[in-house]
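Asks: Right, I'll just put the structure down here and ask away after.
The values are calculated or read from the model by the stated rules, or taken from the named source; none is laboratory data. Keep in mind that this is a model prediction, so the values were computed, not measured. Note: ideal-geometry Cβ built from the backbone for every residue, glycine included; neighbour counts use all protein chains shown. All accessible areas refer to the heavy atoms of the entire protein, side chains included, with ligands and DNA or RNA removed. Shrake-Rupley method; radii C 1.70, N 1.55, O 1.52, S 1.80 Å.
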Amino acid sequence: MSRLRRTLVRVERVLALAERLLGELAGEAADPRAFARYRAFRWDARRGRGRLLPIPEPLPFELGDLVGVERGVSRLVRNTEQFLLGLPSHHVLLHGERGTGKSSAVRGLLTRFGESGLRLVEVHRDDLLRLPEVLDALRGLPWRILLFADDLSFGEGEGGYRELKAALEGSLAAPPDNVRIVATSNRRHLLPERRSDNAAVRLDDDGELHLGEALEEKLALADRFGLVIAFYGFDQRTYLAIVEQYAKQAGLSLAGDALREQALRFALDRSSRSGRTARQFVDDLAGRLALEARRGQRD
């Protein structure tokens, strides 16, 4: 009898494991209770059709900390407010130089509007092949969701491009009303542009310019974002203003010309004047000053 009982226990375990694996392979519907508890998610497609995994503590960011890109941030915030109120709103492409605050701006939307029902779902570029499944999982949820594709670009022939293009505009199945796609990229047109693409550009008999098919295809994806916002690189004055703001928030004792001189030297070594460089400099400076203080206490 005990042998039979042990056998039944093993069978139950095998059945439970099989049920769990089948559930993963078939995919899971989004749980509205999870969206009530968590504000950020990522799409996990490592096995089966994929599923939404909550991010318990998403990295916060205050939009007021972005300096030098206020106009672009203002347009992004306005579009998000329209989306939250159920008014006409756009899918968004943020493009520009690295380190200018594109990803931080999206994170800042969650910090500002999370209490108002905004949710963020991050999708990696390689998972865009599953974009129709992601959209189906989010359809009908009582939340306003930004589908976030960070640092987006495509090489020649890479997958996910056509799925994103169809989701933005052109598919018979429209994206859910409760979802907007927000992408960031260092490229304005998301695809590499080659000199040969311009070889097919021609003028007709009336002097009208016609682009070649390859170039038209590369412009088509970015054109399907209703709102395209450029984040341009910073001049020296703006870079130093960002440094001073971060240094003040960190409570650093170094200020004035000494702070600016070190900040410019740091930017020169990195060959970059960006918000990211300013943050890295202040973090580095804070660490060095703290270390010097501890050494002074020991001496």
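Asks: If we keep just the residues of the range 227-240 that are in a loop (DSSP other than H, G, I, E, B) and touching a Lys or Arg at 6+ places or on another chain (Cβ under 9 Å), which is surrounded by the fewest Cβ atoms within 10 Å (Cβ to Cβ)? Reasoning before the result, please.
Replies: Start the filter on the range 227-240 by keeping residues that are in a loop (DSSP other than H, G, I, E, B), which leaves 232-235.
Remaining after also requiring touching a Lys or Arg at 6+ places or on another chain (Cβ under 9 Å): 233-235.
Working: 233: 15, 234: 25, 235: 11.
The residue in question is 235.
Asks: Is it the case that some residue within the range 50-70 is modelled with pLDDT under 80, more than 17 Å from residue 146 (Cα to Cα), among the charged types (D, E, K, R) and within 20 Å of the chain's Cα centre (by Cα)? Outline the logic, then answer.
Replies: Within the range 50-70, the subset modelled with pLDDT under 80 is 50.
Going one step further and asking which of them are more than 17 Å from residue 146 (Cα to Cα), we end up with 50.
Filter once more, so that each one left must be among the charged types (D, E, K, R): none.
No.
Asks: On the basis of being surrounded by fewer than 16 Cβ atoms within 10 Å (Cβ to Cβ), modelled with pLDDT of 65 or more and more than 30 Å from residue 275 (Cβ to Cβ), does residue 205 make the cut? Talk me through it step by step, then tell me what you get.
Replies: Working: surrounded by fewer than 16 Cβ atoms within 10 Å (Cβ to Cβ): yes; modelled with pLDDT of 65 or more: no; more than 30 Å from residue 275 (Cβ to Cβ): yes.
Criteria not met by residue 205.
Asks: Quickly run through the range 109-141 and pick out the residues that are open to solvent by 60 Å² or more (accessible area, probe 1.4 Å) and in a helix (DSSP H, G or I).
Replies: Looking only at the range 109-141, we keep the residues that are open to solvent by 60 Å² or more (accessible area, probe 1.4 Å), and these are 112, 115-116, 124-126, 129-130, 132, 136, 139-140.
Result: 112, 115, 116, 125, 126, 129, 130, 132, 136.
Asks: Being surrounded by fewer than 19 Cβ atoms within 10 Å (Cβ to Cβ) and at pLDDT below 90: is that true of residue 254 here?
Replies: Values: surrounded by fewer than 19 Cβ atoms within 10 Å (Cβ to Cβ): yes; at pLDDT below 90: yes.
Answer is yes for this residue.
Asks: Separate question: Name the residue that is modelled with the highest pLDDT, counting only residues in the range 142-160 that are open to solvent by 20 Å² or more (accessible area, probe 1.4 Å) and not charged (D, E, K, R). Write out each step before concluding.
Replies: Step one: list which residues in the range 142-160 are open to solvent by 20 Å² or more (accessible area, probe 1.4 Å), which gives 142-144, 150-151, 153, 155-159.
Going one step further and asking which of them are not charged (D, E, K, R), we end up with 142-143, 153, 155, 157, 159.
On the way: 142: 90, 143: 93, 153: 75, 155: 66, 157: 58, 159: 59.
Top of the filtered list is 143.
Asks: Separate question: Taking the residues in the range 257-279 that are in contact (Cβ under 8 Å) with a residue 40 or more places away in the chain and in a helix (DSSP H, G or I) as candidates, determine which candidate is surrounded by the fewest Cβ atoms within 10 Å (Cβ to Cβ).
Replies: Step one: of the range 257-279, the residues in contact (Cβ under 8 Å) with a residue 40 or more places away in the chain are 272-277.
Remaining after also requiring in a helix (DSSP H, G or I): 275-277.
Values: 275: 25, 276: 16, 277: 22.
Out of the qualifying residues, it is 276.
Asks: Look through the range 161-195, keep the residues that are in a loop (DSSP other than H, G, I, E, B) and closer than 19 Å to residue 124 by Cβ, and return whichever of them is modelled with the highest pLDDT.
Replies: Kept after step one, since they are in a loop (DSSP other than H, G, I, E, B), are these residues of the range 161-195: 169-178, 186-194.
Those left that are additionally closer than 19 Å to residue 124 by Cβ: 175, 186-187, 190-191.
Numbers: 175: 76, 186: 83, 187: 77, 190: 65, 191: 60.
Here the residue is 186.
Asks: Based on what the data block shows, is residue 77 of a type in the set (A, V, I, L, M), outside any loop (DSSP other than H, G, I, E, B) and closer than 24 Å to residue 246 by Cβ? Please lay out each step first, then the result.
Replies: Values: of a type in the set (A, V, I, L, M): yes; outside any loop (DSSP other than H, G, I, E, B): yes; closer than 24 Å to residue 246 by Cβ: yes.
Yes: the conditions hold for residue 77.
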